[in-house]
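Peer 1: Shown below is the structure under consideration.
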Amino acid sequence: MDAAAYDAWYETERGRWIGDTEYRLLRRVLAPAPGDSLLDVGCGSGHFTRRFAREHLRVTGLDPDADMLRYAAAHAAAGEPYLLGDARALPFAARSFELCVCITALCFIRDESRALAEMVRVTRRRLVLGLLNRHSLLYLQKGRAGGAGAYRGAHWHTRAEVGELFEGLPLAHIKLRSAVFLPGASRYAQRFERALPQRLPWGSFLVVSADVAA
């Protein structure tokens with residue numbers, strides 16, 4: 001999927017609801033303050049990067065796909081920079097950013113432990129990951145047998161895998177939340193979403209937050 005088509009999906013009824021639901025959870029657990037520096041690793045077309053930039057954060061987007069980055073830069077919300085780079089070797093000094101997010105990009109990186117260690121290295125305060133949840137209805141629809149559409153080749157994480165991934169890293173207060181329990185945009189799905197607490201582990205969007213140890 002090219003960048004324009006990827007972004008256009010967020011303008012559909014289903015895409016808008018899912019994007020808004022995911023962003024609200026990400027922002028809540030990230031808890032940014034105006035002026036905070038934020039690195040978005042695997043920013044893609046910049047959909048979420050732009051949303052954070054509009055919150056008066058000093059945002060930088062990074063991605064290995066030059067075509068995605070050209071689109072992101074052309075649609076920047078607040079002059080935020082978009083850089084070509086590899087999550088496994090981030091081109092920044094240690095503790096360069098107060099905050100770091102990686103939204104479903106880790107699911108497509110082979111050496112995810114190395115990429116996560118790099119994110120921890122460049123973060124001063126809080127790291128938030130958005131992952132695809134293997135224990136979800138969306139996995140049954142889109143994730144099996146190698147995945148379908150934009151999910152092809154993605155790794156879908158379990159809570160146990162998240163624990164193993166974070167083991168040994170200098171992180172504290174690791175918390176898991178999830179959202180998008182019914183991966184549709186019907187009124188019933190939206191009412192169901194509002195009724196369930198995000199601490200339940202069965203939403204298709206699994207969010208992990210952690211504070212970087214001083």
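Peer 1: Considering only residues that are in contact with a strand residue (DSSP E or B) (Cβ under 7 Å, 6 or more places away or on another chain) and within 17 Å of residue 212 (Cα to Cα), look in segment 94-116 and name the one that is surrounded by the fewest Cβ atoms within 10 Å (Cβ to Cβ).
Peer 2: It comes out as 95.
Peer 1: Quick check on my filter: what residues within segment 34-46 are surrounded by fewer than 21 Cβ atoms within 10 Å (Cβ to Cβ) and closer than 26 Å to residue 108 by Cβ?
Peer 2: Answer for segment 34-46, where residues must be surrounded by fewer than 21 Cβ atoms within 10 Å (Cβ to Cβ) and closer than 26 Å to residue 108 by Cβ: just 37.
Peer 1: Listed residues 91, 64; which is over 22 Å from residue 25 (Cα atoms), exposed (fewer than 15 other Cβ atoms within 10 Å of the Cβ) and modelled with pLDDT of 95 or more?
Peer 2: 91
Peer 1: Does segment 150-161 include one or more residues that are at negative phi, in a strand (DSSP E or B), surrounded by 18 or more Cβ atoms within 10 Å (Cβ to Cβ) and modelled with pLDDT of 95 or more?
Peer 2: Yes: one or more hits.
Peer 1: Where residues in segment 180-211 are over 22 Å from residue 126 (Cβ atoms) and aromatic (Phe, Trp, Tyr), which of them is surrounded by the fewest Cβ atoms within 10 Å (Cβ to Cβ)?
Peer 2: 188
Peer 1: A further question on this structure: Return yes when residue 177 is of a type outside the set (A, V, I, L, M, F, W, C) and surrounded by fewer than 12 Cβ atoms within 10 Å (Cβ to Cβ) and no when it is not.
Peer 2: no
Peer 1: Still on this structure, please answer the following. Which condition number in (1) under 17 Å from the mean Cα position of the chain (by Cα); (2) among the charged types (D, E, K, R); (3) at pLDDT below 95 is the one that residue 142 fails?
Peer 2: (1)
Peer 1: Continuing with this model, one more query. Which members of segment 94-124 meet the condition of being of a type in the set (Asp, Glu) and more than 15 Å from residue 30 (Cβ to Cβ)?
Peer 2: 111, 112, 118
The values are calculated or read from the model by the stated rules, or taken from the named source; none is laboratory data. Keep in mind that this is a model prediction, so the values were computed, not measured. Reconstructed Cβ throughout: ideal geometry from the backbone, glycine too, with neighbour counts over all protein chains shown.
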